[in-house]
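Engineer: The following block contains the structure, expressed as structure tokens.
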Amino acid sequence: MEFQEILRNFLIDTNMTQSAFAYKIGVKPSQVSEWLRGKAKPGYDTLKQMATAFNISADYFLGIADNY
């Protein structure tokens, strides 16, 4: 599964808006929009922030693990 699909599913599962997600991990909502359109992917530091903010393994966002 591609990153944008993983992120989209995460947002749906957690009932979270792009803006709320962006705020929680410290990025601009426009950056999250780029990820969801497949135009960009988060870097290491941002991926680490995502995993830390939601207390889940980065493996989930990387598509290595099926569950968070």
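Taken together, the values in this text are just the output of simple stated rules run on the coordinates, not laboratory data. The model shown is predicted, which means the values in this text are computed figures rather than measured ones. Note that we place each Cβ from the backbone using ideal geometry, even for glycine, and neighbour counts take in every protein chain shown.
Engineer: Using a cut-off of 19 Å between alpha-carbon atoms, which aspartates and glutamates can reach Lys39, once sequence neighbours fewer than 8 places away in the same chain are excluded?
Structural biologist: Within the straight-line cut-off, Lys39 pairs with Glu2, Glu5.
Engineer: Working out 0.36 nm times the residue gap between Tyr44 and Met16, then minus their Cα-Cα distance, what length gain in nm do you get to one decimal?
Structural biologist: My answer for the length gained is 7.9 nm.
Engineer: Taking amide H positions as placed 1.01 Å from N in the peptide plane, with prolines and chain starts having none, which residues 5 or more places from Ala40, or on another chain, fall under 5 Å of its amide H?
Structural biologist: Trp35
Engineer: Next question, about the same structure. In debye, nearest 20, what is the charge dipole magnitude of the chain about its Cα centre with +1 on Lys and Arg Cβ and -1 on Asp and Glu Cβ, if you could check?
Structural biologist: In total the dipole reaches around 300 debye.
Engineer: Another one. Which value in deg cm²/dmol, rounded to the nearest 500, describes the helix-derived mean residue ellipticity at 222 nm for the chain, given -39,500 (n - 2.57) per DSSP H run of n ≥ 4 and division by the residue count?
Structural biologist: -17500 deg cm²/dmol
Engineer: Hey, another quick one. Leaving out same-chain residues fewer than 8 places away, which aspartates and glutamates sit with a Cα under 12 Å from that of Lys48?
Structural biologist: Asp59
Engineer: For the chain, just say rounded, prolate or oblate: build the C-alpha gyration tensor, square-root its eigenvalues into a ≥ b ≥ c, call rounded for a/c under 1.5, and beyond that prolate if a/b exceeds b/c, oblate if not.
Structural biologist: Verdict is rounded for the chain.
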